[in-house]
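Please treat every number below as a calculation from the coordinates, not as lab data. Treat the numbers as computed from the prediction; the structure is a model and nothing was measured. Glycine also receives a Cβ, built like all others from the backbone with ideal geometry; neighbour counts cover every protein chain displayed.
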Amino acid sequence: MVFDYIDGGADDEVTLARSVSRFRDIELAFDVLADVSEIDTRTTIMGAPSASPFFISPTATSRLFNPRAGELAVTRAAHTAGVPYACSTLASVSVEDIAAANPGTKWFQVYVWKDRGLVTEMLARAKAAGFGAIILTVDLPVAGNRERDGANDFTIPPKVTWRTASQGMAAPGYLWDLMTTPEIRPANFAHMRIDGGLIGFINAQFDRSVTWDDARWLREAWDGKLALKGICAPDDASRAVGIGANAVWVSNHGGRQLNTSPSSIDTLPAVAEAVDGKAEIILDGGVRRGSDVVKALALGANAVALGRAYLYGLAAGGERGVTRALQIMDSELRRTMALCGRAKIADLTRDLIFERRLS
Ligand SMILES: Cc1cc2nc3c(=O)[nH]c(=O)nc-3n(C[C@H](O)[C@H](O)[C@H](O)COP(=O)(O)O)c2cc1C
């Protein structure tokens, strides 16, 4: 059930599958006899130096995948790799504890809750804890229909039913960790009474009437960098630039929201054209290989955020698992750059994308 919660998407998972497969459809051209003795993957993302053009995308309740350390495992691994860590508003460890574990670049993801006072309170806490940018997720007016979770009776925190109990028995180590650590809940709101677990909290706080005016309000309430996460349409990308977003984040929430929405890599070129260099572009969705990072950058992204790619590592091996996942991504990126004959991030340009001509 925990694997399915990470791995699954909305409805028939068409967007989820295409987000991965559309990267496979893109072919890379390559230059030969270029000096690739020194591959340099360093870049800056939203003003912060990063060892790689990829970083950690915000994902809720990491303690579900690793009950002992959760977000602490992920944020430490991000710091070790020298890449930014983006923390979900629904993290199962508080922003203060995350800040204590990671002195490096940290960003905080927010929603505009019904209770705007709660939002400003969270912004102040994030700022005080050293989070340098916020990410407003805009593709979740309601939760998507994740059918695998229903079939598994999966809830956060997990409740005991025949299905969950039998799955728990099959993973006694995980069950032990779950039973001997504090209940998994949104740790940033630990001071609030929350009925009905994570979904109860979301239902109570999600404001379906949020519009661009609220995004503008958030822009004024936060004086650091701001990214808008969950952009698909070029017009929305232009609006994001218009309200002063520093980054436009092309995403469909990993295929967990609107099923049959297009894959991010397919929407990226039109968004890049609309943004026209006036903001940075971040892409996520379906990035599983270093070559996917190269393709996204060649098609106009400045950086790529990783979701499941590190979550699988977290669930399999905690902090070491995330570190390993990031190392794999790094070595694949370097190898692909060398094979393409491009030694620097700035060299990953559109001409790398092979255009098929119909004869
Ligand atoms: C288990 C899980 C939880 C997520 N939780 C959040 C969240 O709390 N906030 C958010 O903005 N995005 C969330 N996302 C979306 C990711 O930030 C990202 O957009 C997506 O995972 C990218 O697709 P990929 O997993 O194919 O890389 C979540 C994704 C997953 C898989």
**Request:** Using θ = phi - 60° and the Karplus relation 6.51 cos²θ - 1.76 cosθ + 1.60, list the HN-Hα couplings for region 248-255 in order, rounded to whole Hz, with x at every Gly or Pro.
**Result:** 9, 10, 6, 6, 10, 6, x, x
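R0 = 25 Å: FRET efficiency of THR180 with ALA100, Cβ-based, nearest 0.05? Could you put the intermediate results ahead of the total?
Numbers: r = 22 Å, r/R0 = 0.89.
Approximately 0.65, to the nearest 0.05.
Under the rule that an exposed site lies in a DSSP loop and has at most 15 other Cβ atoms within 10 Å, name the longest stretch of the chain with no GluC sites (Glu not before Pro) of that kind, not counting the sites themselves. Display every interim value, and only then the final one.
Values: sites that count: GLU27, GLU38, GLU183, GLU355.
The segment 184-354 is the longest one with no such site.
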**Complete:** Contour minus Cα-Cα span, ALA143 to ILE199, at 0.36 nm per residue, comes to 19.3 nm
**Message:** Give me a comma-separated list of calculated 3J(HN,Hα) values for region 13-23, in order, Karplus coefficients 6.51, -1.76, 1.60 applied at θ = phi - 60°, integers in Hz, x for any Gly or Pro.
**Reply:** 6, 5, 4, 4, 5, 5, 4, 7, 6, 5, 5
**Complete:** Counting only residues 5 or more apart in sequence or on a different chain, those whose built amide H sits under 5 Å from that of PHE54 are VAL304
**Asked** Along region 80-89, what does the Karplus equation 6.51 cos²θ - 1.76 cosθ + 1.60 (θ = phi - 60°) give for ³J(HN,Hα), rounded to whole Hz, x for Gly and Pro?
**Response** 4, 7, x, 10, x, 10, 9, 9, 5, 4
**Message:** Exceeding 27 Å between C-alpha atoms, which entries from my cross-link table qualify? They are LYS106/LYS295; LYS159/LYS229; LYS225/LYS344; LYS229/LYS278.
**Reply:** LYS159/LYS229
**Prompt:** Hey, in the GNM for the chain with a 10 angstrom Cα cutoff, which one of GLY130, GLY255, GLY286 fluctuates hardest?
**Reply:** GLY130
**Request:** At 7 Å along the Cα-to-beta-carbon direction for both LEU358 and VAL14, put a label point, then send me their distance in nm to one decimal.
**Result:** 2.3
**Asked** Roughly how compact is the chain, stated as its Cα Rg over 2.2 N^0.38 Å to two decimals?
**Response** 0.97
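Given a Förster radius of 41 Å and the C-beta distance between ALA346 and TRP212 as r, what FRET efficiency does 1/(1 + (r/R0)^6) yield to the nearest 0.05? Intermediate values should be presented prior to the final figure.
Details: r = 33 Å, r/R0 = 0.80.
Rounded to the nearest 0.05, the efficiency is 0.80.
Would you mind giving the average projected area, over all directions, of the Cα convex hull of region 1-141 in nm² with one decimal?
On the way: hull surface 46.4 nm².
The number I arrive at for region 1-141 is 11.6 nm².
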**Request:** Using only Cα positions of region 192-337, each an equal point scatterer, no hydration layer, compute I(q)/I(0) via Debye at q = 0.11, 0.14, 0.19 Å⁻¹ and quote the log10 values to two decimals.
**Result:** -0.52, -0.81, -1.19
**Request:** For ALA34 and ASP7, compute 0.36 nm times the residue count separating them, minus their Cα-Cα distance, and round to one decimal in nm.
**Result:** 5.8 nm
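Starting with the fewest neighbours, write out ASP35, ASP351, ASP236 ranked by other beta-carbon atoms found within 10 Å of each beta-carbon. The partial results should precede the final answer.
On the way: ASP35 7, ASP351 12, ASP236 17.
Ascending Cβ contact count within 10 Å gives the list ASP35, ASP351, ASP236.
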**Prompt:** For the chain, which span is the longest to avoid every loop-located (per DSSP) member of chymotrypsin sites (Phe, Trp or Tyr not before Pro) having at most 16 other Cβ atoms inside 10 Å?
**Reply:** 31-353
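Whole number please: convex hull volume per residue, Cα atoms of region 254-344, in Å³. Before the final figure, lay out each step's value.
Numbers: hull volume 10.2 nm³, N = 91.
Cα-based convex hull of region 254-344, divided per residue, equals 113 Å³.
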**Message:** Test of understanding: in a Gaussian network model of the chain with alpha carbons linked when under 10 Å, which of ALA315, ALA187, ALA100 would top the mean-square fluctuation ranking?
**Reply:** ALA100
**Asked** How far apart, in nm, are the 7 Å Cα→Cβ label points at ALA190 and ALA316?
**Response** 3.1
